[in-house]
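**Q** Quick one: the structure is below, questions incoming.
The values are calculated or read from the model by the stated rules, or taken from the named source; none is laboratory data. The shown structure was predicted, so the numbers you read here are calculated from the model rather than taken from an experiment. Counting neighbours? That spans all protein chains shown, and the Cβs are built from the backbone with ideal geometry, glycine included.
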Amino acid sequence: MKNIYLIFCLLALLSCASKHPTADLIIRGGKIYTVNESMPMVEAVAVQGNKILFAGSELEAEKYKNDHTQIIDLQGQTMTPGFTEGHGHFFGLGFNEMNLDLTDTKSYEELAAKVKEAASKAKPGDWIVGRGWHQDRWNEKPKKLVKGFQTHELLSSVSPDNPVFLSHASGHAAFVNAKAMEIAGVNQLSKEQLQKDLGVGGEIIRDPMGNPTGIFVEHAQSLIGLHIPKNTEESLIKAFDLALAACLRNGITSFHDAGINQANLSLLKKLKSENKLKIRLYEMLSGSDYSLVREYFKKGVEVDTAHWLTVRSVKLYSDGALGSRGAWLLQPYSDRTETSGMPLMPMDSVWAVSHKALNAGFQVCTHAIGDRANREILNRYEQAFLENPEKAKEARFRIEHAQHIDPQDIPRFGKLGVIPAMQAIHLSSDRPWAIDRLGEKRIREGAYMWQSLLKSGAHIVNGTDVPVEPINPIACFFASVTRQTLKGLPPGGYEPNEKMTRAQALKSYTLDAAYGAFEEKIKGSIEPGKLADFTVFSQDIMTVPDEQILTTEVKLTIVGGKVMFEKK
């Protein structure tokens with residue numbers, strides 16, 4: 001009897017072993033790009049729980065199906081790994097939808113008209129806050145310009161009773177009205193000194209008579225910003241909801257949040273505990289929140305085993321932006337030769353943070369746009385790496401933007417293992433006027449150098465820098481592979497040798513983006529065992545003609561095996 005019982009048990013085990021595990025979801029019926037070099041395309045994907053169970057032929061996928069398996073028929077559409085926004089500002093995305101959006105304004109007069117309308121609906125004394133204007137994108141320049149910027153008189157005339165604070169598209173300058181300057185005590189006679197705790201770098205643009213024009217560059221913005229009422233938890237939650245919805249409808253399943261303070265991080269932790277996070281957030285601690293950084297360096301990284309909210313990096317700012325002429329250059333600006341931009345923090349501080357971060361297991365992500373800023377940051381990173389070579393091996397320090405690099409410094413990215421987190425859409429928006437800032441030689445040899453950086457061995461993390469640019473990854477993908485404006489100009493693209501291939505562009509939004517957050521083993525490609533995060537597009541972005549890419553729509557966004565967005 002004992003032998004019969006053992007045989008029965010053995011047969012039962014063999015029977016169980018021969019059965020395939022059951023899939024909760026099977027996706028099939030379209031083109032599926034995996035970003036897995038060993039199997040670049042598959043016919044079907046099976047999901048169990050929140051992870052990929054199988055990727056391969058449709059026939060094989062049937063073995064994982066039972067009566068309860070959900071089937072998604074792609075109907076000829078295209079699926080890729082879930083797209084990652086590789087550098088954005090999550091709450092900024094939400095607030096941009098709540099505040100005055102000036103992204104599409106084509107003139108100073110149009111900006112003033114929008115402010116006038118907002119003022120008509122506001123109570124006297126209420127602040128009017130907006131973002132998105134860019135003087136170099138206007139169809140025509142104002143007649144009166146000081147150092148390349150408009151002056152406040154028209155803005156002040158349409159909003160006499162409301163203080164106005166309008167952030168430049170880059171976030172590195174602000175345009176304010178007379179009421180805002182009155183509240184801050186900024187006038188012709190004032191002798192403002194930027195407060196020491198604001199750090200170095202900032203300018204109040206004044207006319208030849210010493211009158212403030214309403215333009216506040218870099219840290220000088222804080223002189224006005226300190227007087228704007230702080231966000232409430234209610235407004236933060238509203239911004240969170242709006243940002244979440246925007247990500248999902250744009251096919252974004254993960255988001256690298258470039259600089260968060262204590263209050264916002266605490267709110268995210270609370271929302272996570274309430275199961276309200278629907279995309280995966282990778283947080284960079286704001287380097288200006290000193291107490292927060294010190295706290296985390298002491299207690300260590302927070303890697304979420306559920307993969308919703310991870311904290312293991314620090315965001316620093318080394319310079320400003322080309323649009324505000326705050327980017328720090330090795331040589332003066334071509335269109336304002338008295339300045340080469342400015343550093344926004346002491347370089348010794350960059351080294352000190354980098355040194356401490358390595359010891360604490362944190363990644364450092366430093367904003368650097370100008371060629372001098374990029375060189376200085378690479379130097380400080382390299383110094384920290386040499387002092388701690390063991391921990392430097394997998395440090396994956398990043399330079400955010402890496403927009404303009406001296407040719408001598410391009411190979412250093414690959415050599416040092418520094419990740420350039422770049423936003424291809426910036427070329428589409430900025431290249432037509434950036435040549436005025438840098439001149440043709442510097443543009444051609446060192447600006448938006450995607451292919452050169454890839455050839456150096458670097459991993460490029462793509463994104464939009466939202467709300468600087470709309471979060472739409474399709475526009476960014478288009479810019480990556482065409483190097484054209486969104487109007488399709490110029491034919492052949494700017495500096496076409498630096499285009500990404502479509503495979504490189506897809507990887508920069510998926511597997512390389514995951515690499516930039518130490519997450520390539522859990523997401524970024526469609527392989528068994530990885531998280532079931534997918535983006536479904538209306539057409540094949542890998543093969544359609546260039547001019548058709550921008551007509552692509554996001555049809556489905558799937559996070560953890562669940563449909564989080566479906567376009568009806």
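**Q** If residue 61 satisfies all but one of (1) in contact (Cβ under 8 Å) with a residue 40 or more places away in the chain; (2) outside any loop (DSSP other than H, G, I, E, B); (3) within 30 Å of residue 534 (Cα to Cα), what's the number of the condition it fails?
**A** Result: residue 61 passes all but (1).
**Q** Continuing with this model, one more query. In the range 371-386, which residues are of a type outside the set (S, T, N, Q) and closer than 16 Å to residue 346 by Cβ?
**A** Here is the first cut: in the range 371-386, the ones of a type outside the set (S, T, N, Q) are 371-373, 375-378, 380-382, 384-386.
Residues satisfying the conditions are 372, 373, 375, 376, 377, 380, 381, 384.
**Q** Follow-up question, since we're still on this one. Taking the condition in a helix (DSSP H, G or I) and touching a residue at least 40 places away in the same chain (Cβ under 8 Å), does residue 431 pass?
**A** yes
**Q** Considering only residues that are part of a loop (DSSP other than H, G, I, E, B) and either exposed (fewer than 14 other Cβ atoms within 10 Å of the Cβ) or touching a Pro at 6+ places or on another chain (Cβ under 9 Å) (or both), which ones fall in the range 383-408? Even if it seems obvious, please write down each step before you answer.
**A** Of all residues in the range 383-408, those part of a loop (DSSP other than H, G, I, E, B) come to 388, 393-397, 402-403, 405-406.
Those that are part of a loop (DSSP other than H, G, I, E, B) and either exposed (fewer than 14 other Cβ atoms within 10 Å of the Cβ) or touching a Pro at 6+ places or on another chain (Cβ under 9 Å) (or both): 393, 394, 402, 405.
**Q** Scan 459, 426 and give me the residue that is under 16 Å from the mean Cα position of the chain (by Cα) and under 15 Å from residue 504 (Cα atoms). Quick ask: steps written out before the conclusion?
**A** Values: 426 fails: under 15 Å from residue 504 (Cα atoms).
From the options 459, 426, the qualifying one is 459.
**Q** I'm trying to understand the selection: among the residues of the range 103-146, which are exposed (fewer than 15 other Cβ atoms within 10 Å of the Cβ) and touching a Gly at 6+ places or on another chain (Cβ under 8 Å)?
**A** Listed by number, the list holds a single entry, 104.
**Q** Going residue by residue through the range 381-396, is there one that turns out to be touching a strand residue (DSSP E or B) at 6+ places or on another chain (Cβ under 8 Å) and closer than 30 Å to residue 277 by Cβ?
**A** Yes, the range 381-396 has at least one match.
**Q** Residues 61, 44: which one is out of contact with any Ser or Thr (no Cβ under 9 Å at 6 or more places or on another chain) and assigned by TED's automatic domain parsing to the domain that holds residue 532? Even if it seems obvious, please write down each step before you answer.
**A** Values: 44 fails: out of contact with any Ser or Thr (no Cβ under 9 Å at 6 or more places or on another chain).
Being out of contact with any Ser or Thr (no Cβ under 9 Å at 6 or more places or on another chain) and assigned by TED's automatic domain parsing to the domain that holds residue 532 holds for just one of 61, 44, which is 61.
**Q** Sticking with this one: Name the one entry in 553, 527, 547, 498 that is among the acidic types (Asp, Glu) and either touching a His at 6+ places or on another chain (Cβ under 9 Å) or within 30 Å of residue 20 (Cα to Cα) (or both).
**A** On the way: 553 fails: either touching a His at 6+ places or on another chain (Cβ under 9 Å) or within 30 Å of residue 20 (Cα to Cα) (or both); 547 fails: either touching a His at 6+ places or on another chain (Cβ under 9 Å) or within 30 Å of residue 20 (Cα to Cα) (or both); 498 fails: either touching a His at 6+ places or on another chain (Cβ under 9 Å) or within 30 Å of residue 20 (Cα to Cα) (or both).
Result: 527 is the single residue among 553, 527, 547, 498 that is among the acidic types (Asp, Glu) and either touching a His at 6+ places or on another chain (Cβ under 9 Å) or within 30 Å of residue 20 (Cα to Cα) (or both).
**Q** What residue, of 524, 561, is touching a residue at least 12 places away in the same chain (Cβ under 8 Å), in contact with a Pro (Cβ under 8 Å, 6 or more places away or on another chain), crowded, with 21+ Cβ neighbours inside 10 Å and on the phi > 0 side of the Ramachandran plot?
**A** On the way: 561 fails: in contact with a Pro (Cβ under 8 Å, 6 or more places away or on another chain).
Among 524, 561, only 524 is touching a residue at least 12 places away in the same chain (Cβ under 8 Å), in contact with a Pro (Cβ under 8 Å, 6 or more places away or on another chain), crowded, with 21+ Cβ neighbours inside 10 Å and on the phi > 0 side of the Ramachandran plot.
**Q** Can I ask one more? Does residue 38 satisfy the condition of being free of Cβ contacts under 8 Å to residues at least 40 places away in the same chain and within 30 Å of residue 141 (Cα to Cα)?
**A** no
**Q** Please specify each residue of the range 147-161 satisfying the condition of being buried (at least 17 other Cβ atoms within 10 Å of the Cβ) and farther than 13 Å from residue 179 by Cα.
**A** Residues of the range 147-161 buried (at least 17 other Cβ atoms within 10 Å of the Cβ): 148-152, 154-156, 158-159.
Hits for the range 147-161 are 148, 149, 150, 151.
**Q** Hey, among the residues in the range 235-272 that are closer than 21 Å to residue 532 by Cα and among the small types (Gly, Ala, Ser), which one's surrounded by the fewest Cβ atoms within 10 Å (Cβ to Cβ)?
**A** Top of the filtered list is 245.
**Q** A further question on this structure: Which number in (1) in contact (Cβ under 8 Å) with a residue 24 or more places away in the chain; (2) farther than 26 Å from residue 139 by Cα marks the one condition that residue 472 misses?
**A** The one condition residue 472 does not meet is (2).
Here is a yes/no grid of residues against (1) assigned to a loop (DSSP other than H, G, I, E, B); (2) modelled with pLDDT of 95 or more; (3) closer than 27 Å to residue 396 by Cβ:
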residue: 410; (1), (2), (3): no, yes, yes
residue: 414; (1), (2), (3): no, yes, yes
residue: 423; (1), (2), (3): yes, yes, yes
residue: 439; (1), (2), (3): no, yes, no
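**Q** When you scan the range 339-360, how many residues do you find that are aliphatic (A, V, I, L, M), in contact with a helix residue (DSSP H, G or I) (Cβ under 8 Å, 6 or more places away or on another chain) and assigned to a loop (DSSP other than H, G, I, E, B)? I'd like the intermediate steps shown before the answer.
**A** Our first condition is that a residue be aliphatic (A, V, I, L, M); within the range 339-360, this holds for 342, 344-345, 347, 350, 352-353, 357-358, 360.
Still in the running and in contact with a helix residue (DSSP H, G or I) (Cβ under 8 Å, 6 or more places away or on another chain): 344, 347, 350, 353, 357-358, 360.
If we keep only those that are assigned to a loop (DSSP other than H, G, I, E, B) too, we end up with 344.
So the answer is 1.
**Q** Could I ask something else about it? Can you confirm whether the range 361-372 contains a residue that is without any contact (Cβ under 8 Å) to a residue 60 or more places away in the chain, over 30 Å from residue 303 (Cα atoms) and assigned to a helix (DSSP H, G or I)?
**A** Looking through the range 361-372, at least one residue is without any contact (Cβ under 8 Å) to a residue 60 or more places away in the chain, over 30 Å from residue 303 (Cα atoms) and assigned to a helix (DSSP H, G or I).
**Q** Report, by residue number, each residue of the range 300-316 that is part of a strand (DSSP E or B) and either over 19 Å from the mean Cα position of the chain (by Cα) or on the phi > 0 side of the Ramachandran plot (or both). Walk me through it before giving the result.
**A** Within the range 300-316, the subset part of a strand (DSSP E or B) is 302, 309-316.
The one that is part of a strand (DSSP E or B) and either over 19 Å from the mean Cα position of the chain (by Cα) or on the phi > 0 side of the Ramachandran plot (or both): 302.
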